[in-house]
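This report refers to the structure that appears directly beneath it.
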Amino acid sequence: MSRRSGLNALVDDMLSELESELESELESESFAAGDAGTFSCAGWESDPQSFSITAARAFCKDAFNVTVSTADTVTCTGTTCVVHFSAPGGWPSFNITVDMSQLPGLVTVSGTADPFRMRGQICSYTYSCDYTGSISFTRSGNCRTT
């Protein structure tokens, strides 16, 4: 065996071993998946303020068809956070309540728009995270008017 083919064989062995380790890690608890393609949201669940802001943004888009950006305030007590957004362009502000008492798995979000007091909405969402750490919310059933 020539020196070059010996090196190629060594590189192939090392690559094979690294691929096996990567596959093993993807199956391990650090990338634990509830369902195929879904990764743990434990980081989000352990940060109620960030979780609430992201859930509130998804709710505003879903329930009121309004995109909001930076939250003005977030106040958390126990498993409930209230997120306040001042919407740009003359839109009303939004006070959104995020109930995380059913985590992991389900979050209930409710709110109304001021000062016009659009009819309040309450919606429940499931959520999932991907390998990049991003979280997305999917409405679970219909929203109710409050």
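Please treat every number below as a calculation from the coordinates, not as lab data. What you see is a predicted model; the values in this text were computed from it and never measured. Because the Cβ atoms are built from the backbone with ideal geometry, glycine has one as well, and the counts that use them run over all protein chains shown.
Once both labels are positioned 7 Å from their Cα atoms along Cα-to-Cβ, the gap between residue 102 and residue 138 label points is 1.5 nm. Within the shell of other residues whose beta carbon sits under 13 angstrom from the beta carbon of residue 122, the net charge comes to +1, with Lys and Arg scored +1 and Asp and Glu -1.
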